[in-house]
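Let me begin by presenting the structure, written as C-alpha coordinates, before commenting on it.
The values are calculated or read from the model by the stated rules, or taken from the named source; none is laboratory data. The structure presented is a predicted model; accordingly, all values stated were derived computationally and were not measured. All Cβ positions, glycine included, derive from the backbone under ideal geometry; neighbour counts span all protein chains shown. The area values use the complete protein model at the heavy-atom level, side chains included, leaving out ligands, DNA and RNA. Shrake-Rupley method; radii C 1.70, N 1.55, O 1.52, S 1.80 Å.
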Amino acid sequence: MSDDVLDVSGTLAAKSDQLNADDLIGGPMTGTITNATKGATAEQPVNLQLDSWKQPWKPCKTMRRLLAHFWGSDAKKWIGKRITLYREAEVRFGGETVGGIRVSHLSGIDKPETLALTISRSKKQRYTVQPIATESILKPDKLWKRLVEICGSDAIAKQTLQEQFGVTSFKGLAAEKAKEIEQYCDQQQGGE
(Lines give C-alpha, C1' and ligand atoms only; values in the text may rest on other atoms or scores of the structure.)
Protein backbone atom coordinates (compact mmCIF):
# COMPACT_ATOMS: atom_id res chain seq x y z
CA MET A 1 0.00 0.00 0.00
CA SER A 2 1.37 3.39 -1.02
CA ASP A 3 1.66 6.37 1.33
CA ASP A 4 0.56 8.67 -1.49
CA VAL A 5 -2.76 10.43 -1.11
CA LEU A 6 -5.14 10.93 -4.00
CA ASP A 7 -7.58 13.57 -2.75
CA VAL A 8 -10.66 13.77 -4.99
CA SER A 9 -12.41 16.56 -3.03
CA GLY A 10 -11.59 19.12 -5.72
CA THR A 11 -13.34 16.95 -8.32
CA LEU A 12 -16.69 16.75 -6.50
CA ALA A 13 -18.02 20.21 -7.37
CA ALA A 14 -20.92 20.31 -9.81
CA LYS A 15 -20.35 22.01 -13.14
CA SER A 16 -22.75 24.85 -12.63
CA ASP A 17 -23.11 28.61 -12.53
CA GLN A 18 -23.99 28.54 -8.82
CA LEU A 19 -23.19 26.94 -5.48
CA ASN A 20 -25.23 23.72 -5.22
CA ALA A 21 -26.26 21.63 -2.21
CA ASP A 22 -24.06 18.77 -3.46
CA ASP A 23 -21.04 21.10 -3.27
CA LEU A 24 -21.53 21.02 0.53
CA ILE A 25 -21.54 17.21 0.87
CA GLY A 26 -18.10 17.42 2.50
CA GLY A 27 -19.40 19.72 5.24
CA PRO A 28 -20.55 23.27 5.97
CA MET A 29 -18.90 26.32 4.45
CA THR A 30 -18.33 29.67 6.14
CA GLY A 31 -17.57 32.78 4.14
CA THR A 32 -17.95 36.50 3.80
CA ILE A 33 -20.41 37.93 1.30
CA THR A 34 -18.29 39.98 -1.10
CA ASN A 35 -20.97 41.03 -3.58
CA ALA A 36 -24.74 40.99 -4.14
CA THR A 37 -26.14 41.30 -7.66
CA LYS A 38 -29.54 41.00 -9.28
CA GLY A 39 -30.38 37.50 -10.44
CA ALA A 40 -31.59 36.61 -13.92
CA THR A 41 -34.94 35.08 -12.92
CA ALA A 42 -37.84 35.68 -10.53
CA GLU A 43 -37.09 32.34 -8.83
CA GLN A 44 -33.48 33.39 -8.21
CA PRO A 45 -33.61 37.20 -7.88
CA VAL A 46 -30.29 37.63 -6.05
CA ASN A 47 -26.77 36.27 -6.46
CA LEU A 48 -24.52 36.35 -3.40
CA GLN A 49 -20.79 35.99 -4.02
CA LEU A 50 -18.85 34.47 -1.12
CA ASP A 51 -15.11 34.67 -0.65
CA SER A 52 -15.07 30.92 0.01
CA TRP A 53 -16.62 29.73 -3.30
CA LYS A 54 -16.11 30.70 -6.93
CA GLN A 55 -19.74 30.53 -8.11
CA PRO A 56 -22.45 32.64 -6.47
CA TRP A 57 -24.99 31.29 -4.02
CA LYS A 58 -28.54 31.94 -5.25
CA PRO A 59 -30.60 31.58 -2.06
CA CYS A 60 -34.10 30.13 -2.24
CA LYS A 61 -37.09 32.15 -1.05
CA THR A 62 -37.04 30.60 2.43
CA MET A 63 -33.38 31.52 2.96
CA ARG A 64 -33.95 35.02 1.50
CA ARG A 65 -36.71 35.46 4.09
CA LEU A 66 -34.34 34.33 6.81
CA LEU A 67 -31.59 36.72 5.68
CA ALA A 68 -34.05 39.63 5.39
CA HIS A 69 -35.29 38.89 8.92
CA PHE A 70 -31.80 39.19 10.39
CA TRP A 71 -30.06 41.66 8.07
CA GLY A 72 -32.87 43.66 6.40
CA SER A 73 -34.21 43.44 2.85
CA ASP A 74 -31.43 45.41 1.09
CA ALA A 75 -29.06 42.67 -0.14
CA LYS A 76 -26.32 45.25 -0.84
CA LYS A 77 -26.13 45.78 2.94
CA TRP A 78 -25.31 42.08 3.36
CA ILE A 79 -21.89 42.64 1.77
CA GLY A 80 -19.17 42.11 4.37
CA LYS A 81 -21.36 39.95 6.58
CA ARG A 82 -20.35 36.37 7.45
CA ILE A 83 -22.47 33.28 6.86
CA THR A 84 -22.25 29.51 7.31
CA LEU A 85 -24.10 27.35 4.80
CA TYR A 86 -24.78 23.64 5.00
CA ARG A 87 -26.50 20.94 2.95
CA GLU A 88 -29.87 19.80 4.21
CA ALA A 89 -30.61 16.47 2.52
CA GLU A 90 -34.39 16.51 3.14
CA VAL A 91 -35.20 19.65 1.12
CA ARG A 92 -37.96 18.92 -1.40
CA PHE A 93 -38.53 20.51 -4.79
CA GLY A 94 -41.23 19.51 -7.27
CA GLY A 95 -42.33 16.66 -5.00
CA GLU A 96 -38.84 15.13 -4.93
CA THR A 97 -36.28 15.09 -2.14
CA VAL A 98 -33.32 16.82 -3.77
CA GLY A 99 -31.38 18.48 -0.96
CA GLY A 100 -30.83 22.19 -0.52
CA ILE A 101 -28.63 24.85 1.00
CA ARG A 102 -29.54 26.22 4.42
CA VAL A 103 -28.07 28.82 6.79
CA SER A 104 -26.79 27.74 10.20
CA HIS A 105 -24.76 30.76 11.42
CA LEU A 106 -24.75 34.51 10.75
CA SER A 107 -22.64 37.44 11.84
CA GLY A 108 -24.36 40.43 13.38
CA ILE A 109 -26.52 38.50 15.84
CA ASP A 110 -25.82 38.17 19.56
CA LYS A 111 -27.52 34.90 20.44
CA PRO A 112 -29.19 31.92 18.77
CA GLU A 113 -32.62 32.72 17.39
CA THR A 114 -35.33 30.41 16.10
CA LEU A 115 -37.98 31.49 13.63
CA ALA A 116 -40.70 29.65 11.73
CA LEU A 117 -40.62 30.19 7.97
CA THR A 118 -43.06 29.07 5.30
CA ILE A 119 -41.57 26.31 3.14
CA SER A 120 -44.75 25.43 1.21
CA ARG A 121 -48.36 26.62 1.07
CA SER A 122 -49.45 24.88 4.22
CA LYS A 123 -46.19 24.09 5.97
CA LYS A 124 -43.82 26.06 8.15
CA GLN A 125 -40.45 24.93 9.40
CA ARG A 126 -38.46 26.16 12.38
CA TYR A 127 -34.90 27.35 11.72
CA THR A 128 -32.41 28.09 14.47
CA VAL A 129 -29.57 30.40 13.47
CA GLN A 130 -26.43 30.61 15.59
CA PRO A 131 -24.18 33.70 15.85
CA ILE A 132 -20.75 33.81 14.23
CA ALA A 133 -18.22 35.33 16.58
CA THR A 134 -17.01 38.71 15.40
CA GLU A 135 -13.60 38.38 13.87
CA SER A 136 -11.11 41.13 13.28
CA ILE A 137 -10.42 41.41 9.57
CA LEU A 138 -6.73 41.85 8.82
CA LYS A 139 -5.71 45.02 7.00
CA PRO A 140 -5.52 43.99 3.36
CA ASP A 141 -3.02 46.67 2.22
CA LYS A 142 0.06 45.09 3.80
CA LEU A 143 -0.96 41.57 2.82
CA TRP A 144 -1.55 42.61 -0.80
CA LYS A 145 1.84 44.37 -0.98
CA ARG A 146 3.50 41.28 0.45
CA LEU A 147 1.78 38.99 -2.06
CA VAL A 148 2.74 41.28 -4.99
CA GLU A 149 6.34 41.31 -3.75
CA ILE A 150 6.42 37.49 -3.60
CA CYS A 151 4.68 37.05 -6.97
CA GLY A 152 6.67 39.75 -8.75
CA SER A 153 3.73 41.66 -10.26
CA ASP A 154 0.12 42.70 -9.68
CA ALA A 155 -1.08 40.43 -12.50
CA ILE A 156 0.59 37.31 -11.08
CA ALA A 157 -0.62 38.19 -7.56
CA LYS A 158 -4.23 38.46 -8.87
CA GLN A 159 -3.86 35.14 -10.67
CA THR A 160 -2.44 33.52 -7.51
CA LEU A 161 -5.34 34.91 -5.43
CA GLN A 162 -7.89 33.35 -7.76
CA GLU A 163 -6.16 30.02 -8.38
CA GLN A 164 -4.80 29.34 -4.88
CA PHE A 165 -7.53 30.87 -2.74
CA GLY A 166 -10.63 31.32 -4.92
CA VAL A 167 -10.62 35.04 -4.12
CA THR A 168 -10.88 37.83 -6.69
CA SER A 169 -10.60 40.78 -4.33
CA PHE A 170 -9.29 41.75 -0.92
CA LYS A 171 -12.53 43.70 -0.30
CA GLY A 172 -14.37 42.05 2.60
CA LEU A 173 -11.67 39.40 2.98
CA ALA A 174 -12.45 37.07 5.87
CA ALA A 175 -9.89 36.68 8.64
CA GLU A 176 -9.34 32.96 8.03
CA LYS A 177 -8.82 33.55 4.28
CA ALA A 178 -6.36 36.35 5.05
CA LYS A 179 -4.57 33.96 7.42
CA GLU A 180 -4.33 31.35 4.61
CA ILE A 181 -2.80 33.96 2.30
CA GLU A 182 -0.41 35.07 5.04
CA GLN A 183 0.68 31.44 5.60
CA TYR A 184 1.18 31.03 1.85
CA CYS A 185 3.40 34.14 1.84
CA ASP A 186 5.36 32.78 4.82
CA GLN A 187 5.91 29.46 2.99
CA GLN A 188 7.00 31.20 -0.21
CA GLN A 189 9.47 33.44 1.63
CA GLY A 190 10.72 30.49 3.68
CA GLY A 191 11.48 28.56 0.50
CA GLU A 192 13.73 31.26 -0.94
* How many residues are in a loop (DSSP other than H, G, I, E, B), surrounded by fewer than 19 Cβ atoms within 10 Å (Cβ to Cβ), free of Cβ contacts under 8 Å to residues at least 60 places away in the same chain and under 16 Å from the mean Cα position of the chain (by Cα) if we restrict to the range 43-79? -> 2
* **Meets criteria (farther than 16 Å from GLY166 by Cβ, among the hydrophobic types (A, V, I, L, M, F, W, C) and modelled with pLDDT of 90 or more) for ALA68** => yes
* To do: Tell me, yes or no, whether the range 139-148 has at least one residue that is assigned to a strand (DSSP E or B), surrounded by 14 or more Cβ atoms within 10 Å (Cβ to Cβ), modelled with pLDDT under 90 and in contact with a Cys (Cβ under 7 Å, 6 or more places away or on another chain).
  => no
* For SER120, work out the one condition from (1) open to solvent by 70 Å² or more (accessible area, probe 1.4 Å); (2) among the small types (Gly, Ala, Ser); (3) modelled with pLDDT under 95 it doesn't fulfil. => (1)
* Return the only residue of ARG87, ARG102, ARG82 being at pLDDT 90 or above, open to solvent by 70 Å² or more (accessible area, probe 1.4 Å) and touching a strand residue (DSSP E or B) at 6+ places or on another chain (Cβ under 7 Å). => ARG87
